[in-house]
Amino acid sequence: MSRFAANLGFLYAHKPFEARFAAAAEDGFKGVEYASPYEWPAHVLAQHLQEAGLQQVLINTPAGGADAAGVRQAWAQGLRGTACLVGQEKAFRYGVELALEYAQALACPRIHVMAGVATAADAGDRRTWLHRLAWAAEKAASNSQHPVTLLLEAINHVDMPGYWLHTQAQAFAALQEIGHPHLAMQMDFYHCQMTEGDALAQWQRYAPSRLVQHIQIAGAPGRHEPDVGQLPWQELLVALDEAAYPGWVGLEYHPQTTTTAGLGWLKQLHL
Ligand SMILES: O=C(O)C(=O)[C@H](O)CO
Ligand SMILES: [Mg+2]
């Protein structure tokens, strides 16, 4: 059975961030993910992971910023990555290098490279995006002590209007064009269902490529537990097993009540 990771940016949200590691471990999780580790020194996060006996399975590149203060402010300023934004070369490189440092310190094997939101001032550019992804993949590959895989995730326009990368096809085409072994796909079934309307068909389309190396899940619409809404979550989990998907499934949703109370769908799988 696939392995499930708690997304600490979404789950246990009523607890202070530092307390979410122990809460996830108590619920039986072995892995965690969260988008932004940059508010804390890496060694502090590494300590939380070690104390709770958890693996860090995914982080994101920063939402923006070309220095430490800029990185901390970027999300609140509405930035959602820089990879496709022509004017953000310095921030992109700074962000990738910082993410690689954190990944090494947290022993995290995957980084989601956020593409960015197109604006009137910077509409985004595909050639820039591809060129930067190729540069970043070389960086990720070149650390012989801790090579990392960089991931592309399509995000729907209801939750993130104007986000550059919003279809699975866009991500897949970019990966095929660049053809780098350290670049892969992160398929978030929630976004998939919201944009394409058929998460199961999308999984079946891209699974044979083996390029999908991280999955996230939430019910759609609403982004609550997978069993709330129209997502065919049971069929999807069966399909992952049938394809011998070897990676993690991140639980990236807003629980309807508490995280622990909402884990019934997972417990019924008898893992
Ligand atoms: O929004 C999502 O689905 C993500 O996974 C991104 O990491 C943004 O936080
Ligand atoms: Mg996601």
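The values are calculated or read from the model by the stated rules, or taken from the named source; none is laboratory data. Given the structure is predicted, the values throughout are model-derived calculations rather than measurements. All Cβ positions, even for glycine, are placed from backbone atoms using ideal geometry, and neighbour counts span all protein chains on display. To get the accessible areas, we keep the full protein, side chains included, count just its heavy atoms, and leave off ligands, DNA and RNA. Shrake-Rupley method; radii C 1.70, N 1.55, O 1.52, S 1.80 Å.
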In region 143-202, anything within 11 Å of ligand 2 (Cβ to nearest atom) and of a type in the set (D, E) is listed as E153, D159, D188
Specify the residue that is nearest to ligand 1 (Cβ to nearest atom); the eligible residues are those in region 1-25 that are touching a Leu at 6+ places or on another chain (Cβ under 7 Å), part of a loop (DSSP other than H, G, I, E, B) and open to solvent by less than 50 Å² (accessible area, probe 1.4 Å). L11
Which one is most open to solvent (accessible area, probe 1.4 Å), of the residues in region 26-40 that are touching a strand residue (DSSP E or B) at 6+ places or on another chain (Cβ under 9 Å) and among the hydrophobic types (A, V, I, L, M, F, W, C)? A35
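For residues in region 236-271 being in a loop (DSSP other than H, G, I, E, B) and within 16 Å of ligand 1 (Cβ to nearest atom), which is surrounded by the fewest Cβ atoms within 10 Å (Cβ to Cβ)?
Residues of region 236-271 that are in a loop (DSSP other than H, G, I, E, B), as a first pass: 243-247, 252-260, 268-271.
Next, from what is left, pick out any that are within 16 Å of ligand 1 (Cβ to nearest atom): 247, 252-255.
Numbers: G247: 21, E252: 24, Y253: 23, H254: 15, P255: 19.
Top of the filtered list is H254.
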Just wondering, is there one or more residues in region 36-56 that are at pLDDT 95 or above, more than 16 Å from ligand 2 (Cβ to nearest atom), farther than 20 Å from A105 by Cα and not polar (S, T, N, Q)? no
Region 147-160 residues that are hydroxyl-bearing (S, T, Y), paired with ones that are surrounded by fewer than 21 Cβ atoms within 10 Å (Cβ to Cβ) (beta carbon under 9 Å, 6 or more apart): T149/P109; T149/P181; T149/H182; T149/Q213
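Please go through region 223-235 and give me each residue that is open to solvent by less than 40 Å² (accessible area, probe 1.4 Å) and more than 15 Å from Q268 (Cα to Cα), ordered by number.
First pass over region 223-235, keeping only residues open to solvent by less than 40 Å² (accessible area, probe 1.4 Å): 223, 225-226, 231-233.
Selection gives R223, L231, P232.
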